[in-house]
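For reference, the structure discussed in these notes is given below.
The values are calculated or read from the model by the stated rules, or taken from the named source; none is laboratory data. No experiment lies behind these values; they were computed from the predicted model shown. Cβ placement follows ideal geometry from the backbone for every residue including glycine, while neighbour counts extend to all protein chains displayed. Side chains included, ligands, DNA and RNA excluded: accessible areas come from the protein's heavy atoms. Shrake-Rupley method; radii C 1.70, N 1.55, O 1.52, S 1.80 Å.
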Amino acid sequence: MISLDAYQKSFRNLPEGVKDAEVNAETHRRISVQIEQGKISGVKETSSVQIFVRVKREHTGYAYTEDPEEDAAGLLKQAYENSLYSTEDPEPFSASEETWSRDQEVPETIEELKQLAMNMDASIAAKIGTWKDQTECMLELTAETYGQHTVNRMGMDRGFTSPVYLLSVTLAGEDLAVKEERMSSDPEEFDLSGIAEALVRRLQAGMIPAVLPQAGSYEVILSSQAAGQMFMTAWQIFSGGKLSCGDSCLSGQIGQKVSSDVLTIIDTPDPDGGFPAFLDSEGTKGQTVSVVKNGVFVQPICSLKSAELLQVPPTGNAGRRPLLSGMIPTDIKETPKNFCILPGTSSLEEMEAHMGDGFLITEYFDLFHSLNIASGDFSVPVHAVRIRDGKECGMVRGLTMSGNFRTMLREISEVGSEAVIRPMEYLRNYGIGTCPIRIGKVTLSGE
């Protein structure tokens, strides 16, 4: 865990008029092993430190560095001077004086990780059968030690480091490539059989072409993959920041029934696997949040500011990189920890039999532009498997799935038992846990 002692000492000599000051450090140390066709094709080590400084006077000023040796007093002064020109309303700072720490790192050496990745690759290859000779297999195992450390002028000193493992497996054929990603706090917990089964299932479905009978409303099942891709954006609908300013389609709905009884969603810092999030960037301890319980919207995920605006407890969800951004992420925004739909009891095959006729949505494209958070409207390109009489009978490509998220929540009729936590794509800074979801009606149209 990076030391912030120099900043704590500099808190004693802040300019007159400073009401609060806070320093948050986020650290990443990664080792990635890439394997192609059974051979190691690359090993990469990276590390990064980001230090965010907030100083509150009449308004809040920010400063930022990626240099852990930068002069602490100078950076605090810079944030103070920036506050003089800021028009941003002052934000709340944690008043806790508690000291809390937890330090765990990736225990494996590079050679051990290389052997671990090779063993995983061999296991996947053995489980995909004849597809081994029909596709190119690419596997990447990343072991990361992730850390957060926050101190403030009020005496708070909280931090942790924790290991997280990210596994990506791609099978690329002549006309189709499929990828599965997983995350876990323990590499032994990866369900390699489940990953292989999911890859083969998607390859097999893609080999048989089918057509959409006609554009219209159909019953569908979102695969865990497609549901995960939708909720990588849709979680924002349940965030305090969006709700407090009316930019969520569920604004004003806290405490009300928003879905069918079968839907329960939690956000948790420590699931079976998933992303470690024991503290957020404001130093608030992570906790398990009951977001939706049996269809009732119970609690949004909140930072200190959005919790104050909504008059609900903070939930340890303050972060700085919820989605892709080309700017330095100094502003604090709500970020999930592990945003998870709790599983039901039906297998995917049972859900298909219950549906009878409809479509299994297997791929969901354009993650970040297809869902309007404020209105709930979505229109997204998808691939789907045609289901007739409860049986899969071919892949339909080039479809558009459209509807409204609020309506979709009410139309959920069944949640499957296959629970998978995947990392947020690209940034990999939170987990999304999903299961197959059966939905009464959505609109499907072809090209």
MRE, 222 nm, helices only [DSSP H, n ≥ 4, -39500 (n - 2.57), over the chain, to nearest 500]: -6000 deg cm²/dmol
Fully extended contour minus Cα-Cα distance, from residue 69 to residue 407, at 0.36 nm per residue: 116.5 nm
Rounded if a/c under 1.5, otherwise prolate or oblate - the range 216-446, Cα gyration tensor axes: prolate
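Pop the C-beta distance of residue 36 and residue 89 into the FRET formula with R0 = 41 Å and round what comes out to the nearest 0.05.
E(calc), rounded to 0.05, equals 0.20.
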Quarter of Cα convex hull surface for the range 42-139, i.e. mean projection, nm²: 11.9 nm²
With at most 15 other Cβ atoms within 10 Å, longest stretch of the chain clear of loop chymotrypsin sites (Phe, Trp or Tyr not before Pro) (DSSP): 86-364
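How high is the FRET efficiency from residue 427 to residue 347, r the C-beta distance, R0 30 Å, rounded to 0.05?
Once the sixth-power term is evaluated, E becomes 0.40.
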Percent RCO, i.e. relative contact order, over the chain, from Cα pairs under 8 Å lying at least 6 residues apart: 15 percent
Dimensionless Rg/Rh of the range 156-273 - Kirkwood Rh, Rg from C-alpha atoms: 1.04
For the chain, alpha-carbon Rg over 2.2 N^0.38 Å: 1.04
Cleavage-rule hits (GluC sites (Glu not before Pro)) in the range 115-208: DSSP loop, at most 12 neighbouring Cβ within 10 angstrom: 174
Karplus 3J(HN,Hα) series, Hz, for the range 180-190 with 6.51 cos²θ - 1.76 cosθ + 1.60 (x for Gly, Pro): 10, 10, 9, 9, 7, 7, 9, x, 6, 8, 5
Projected-area mean, the range 4-207, by convex hull of Cα positions, square nanometres: 14.9 nm²
Anchor residue 179: lysines whose Cα lies under 28 Å away (excluding residues fewer than 8 positions away in-chain): 39, 44, 114, 127, 132, 337, 391, 441
Too-long pairs where the Cα-Cα distance tops 25 Å, listed order kept, from 56/285; 9/333; 19/305: 9/333
Derived scalar couplings ³J(HN,Hα) [the range 203-212; Karplus, 6.51 cos²θ - 1.76 cosθ + 1.60; whole Hz; x for Gly, Pro]: 5, 4, 5, x, 7, 10, x, 9, 10, 7
Whole-Hz ³J(HN,Hα) from phi, Karplus 6.51 cos²θ - 1.76 cosθ + 1.60, for the range 102-119, glycine and proline x: 8, 10, 9, 10, 4, x, 7, 7, 4, 5, 5, 5, 4, 5, 4, 5, 5, 5
Fraction of accessible area attributable to carbon and sulfur, the chain (%, probe 1.4 Å): 46 percent
Inter-part distance where the range 153-186 and the range 239-255 are each reduced to a Cα centre, Å: 29 Å
DSSP-defined beta bridges in the chain - what % are antiparallel, rounded to 5: 90 percent
Accessible surface, the chain, averaged per residue in Å² (probe 1.4 Å): 42 Å²
Approximate spin-label separation residue 207-residue 288, in nm, with each point projected 7 Å along Cα-to-Cβ: 4.2 nm
